[in-house]
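Below is one structure, written out as structure tokens; comments come after it.
The values are calculated or read from the model by the stated rules, or taken from the named source; none is laboratory data. Just so it is clear, the model here is predicted, and its values are computed rather than measured. Here the Cβ is made from the backbone with ideal geometry for all residues, glycine too, and neighbour counts use every protein chain on show.
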Amino acid sequence: MKHTFPYRLYLVLSQKDCGDKNFLWVAEEAIKGGVDVIQLREKEYTYHQFIQSAQQLKAITDQYKVPLIINDNLEVQQKLSTSGLHVGVNDISPVEVRKIWNQSGFLLGYSIEKIEQINSLQADNVDYLGISPVFKTTTKTDTITEWGLEGISQIRQLTDKPLVAIGNMNKENAAKVIKAGADCIAVVSAICKSENPQQAARELKNEILKDLP
């Protein structure tokens, strides 16, 4: 059964990623430019710092009816009842998350770093797969595989789960990655580092959509 995933442009952000720009301003501008879903990733924050940031961001995403995904912090996700959670291979397992949620309606994403993860019980329990990284990036250095376009194509043949490609995504390669089989492009620096996040998001979205039916 093919899972539906209507999102094309996915922003992953933290205050650190945004530098001297307020992450809330970046998020709102990105939404105006076409971002469909946002993930808050604050690996260095305490629980209370994370909660505060997530509350502020949720006020914006709720206003624009954009899903808010929390990275690797089930407590924060549950406390605020955000749209979902994203986990990696070293985080709480998708199977455990499903047991704790005990209800449907939340999006659960899982980062794929090795081909063996594709046909696993963990992957079976998620709504989409994050293919990480497609190309090497300085924002996440603890990954194993650089998938490239061939990797995306290979994974596409092995699963009908929605594929979210992340890792040095930009307007120069977004269309190629979609053509290779990804359903959605996730970005960090391409929007967070831009002086005009709204324009950056719009240009990315145009690239993603240009060859789609």
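Select from the stretch 38-75 the residues that are among the hydrophobic types (A, V, I, L, M, F, W, C), closer than 15 Å to LEU13 by Cβ and without any contact (Cβ under 8 Å) to a residue 40 or more places away in the chain and list them in ascending order.
Residues of the stretch 38-75 among the hydrophobic types (A, V, I, L, M, F, W, C): 38, 40, 50-51, 54, 57, 59-60, 66, 68-70, 74.
After this cut, where a residue has to be closer than 15 Å to LEU13 by Cβ as well, the list is 38, 40, 50, 54, 57, 60, 66, 68-70.
Hits for the stretch 38-75 are ILE38, LEU40, PHE50, ALA54, LEU57, ILE60, VAL66, LEU68, ILE70.
Counting only residues that are surrounded by fewer than 16 Cβ atoms within 10 Å (Cβ to Cβ) and not acidic (Asp, Glu), how many does the stretch 42-77 have?
Residues in the stretch 42-77 being surrounded by fewer than 16 Cβ atoms within 10 Å (Cβ to Cβ) and not acidic (Asp, Glu): 12 in total.
Does the stretch 144-163 include one or more residues that are touching a residue at least 40 places away in the same chain (Cβ under 8 Å), closer than 21 Å to PRO67 by Cβ and buried (at least 16 other Cβ atoms within 10 Å of the Cβ)?
yes
Suppose the filter is surrounded by 15 or more Cβ atoms within 10 Å (Cβ to Cβ) and part of a loop (DSSP other than H, G, I, E, B); does ASP91 pass it?
Working: surrounded by 15 or more Cβ atoms within 10 Å (Cβ to Cβ): yes; part of a loop (DSSP other than H, G, I, E, B): yes.
Yes: the conditions hold for ASP91.
Kindly indicate whether any position in the stretch 116-126 is closer than 26 Å to LYS32 by Cβ and crowded, with 17+ Cβ neighbours inside 10 Å.
The answer is no, given that none of the residues of the stretch 116-126 is closer than 26 Å to LYS32 by Cβ and crowded, with 17+ Cβ neighbours inside 10 Å.
Considering only the stretch 3-11, I want to know if a residue exists there that is farther than 22 Å from VAL164 by Cα and surrounded by fewer than 22 Cβ atoms within 10 Å (Cβ to Cβ).
The answer is no; no qualifying residue exists.
Can you tell me which of GLU116, GLU75 is at pLDDT 95 or above, acidic (Asp, Glu) and more than 17 Å from the chain's Cα centre (by Cα)?
Result: GLU75 is the single residue among GLU116, GLU75 that is at pLDDT 95 or above, acidic (Asp, Glu) and more than 17 Å from the chain's Cα centre (by Cα).
Quick check on this structure: which one of THR141, THR137 is more than 17 Å from LEU11 (Cα to Cα), hydroxyl-bearing (Ser, Thr, Tyr), at pLDDT below 95 and assigned to a loop (DSSP other than H, G, I, E, B)? Let's see the steps before the verdict.
Working: THR137 fails: more than 17 Å from LEU11 (Cα to Cα).
Within the list THR141, THR137, the selection yields THR141.
Quick one: which of ILE69, ILE60, ILE118 is touching a His at 6+ places or on another chain (Cβ under 6 Å), hydrophobic (A, V, I, L, M, F, W, C) and closer than 29 Å to ALA174 by Cα?
ILE69
Which residue, of SER132, SER194, SER189, is over 14 Å from the mean Cα position of the chain (by Cα) and among the hydroxyl-bearing types (Ser, Thr, Tyr)?
Just one listed residue meets the conditions, SER194.
Considering GLY167, GLY181, which residue is touching a Pro at 6+ places or on another chain (Cβ under 6 Å) and not β-branched (Val, Ile, Thr)? Don't jump to the end; show me each part of the working.
On the way: GLY181 fails: touching a Pro at 6+ places or on another chain (Cβ under 6 Å).
After applying the criteria, what remains is GLY167.
Return yes when PRO6 is touching a residue at least 12 places away in the same chain (Cβ under 8 Å) and within 17 Å of TYR110 (Cβ to Cβ) and no when it is not.
Considered against the rule, which asks whether it is touching a residue at least 12 places away in the same chain (Cβ under 8 Å) and within 17 Å of TYR110 (Cβ to Cβ), PRO6 comes out as no.
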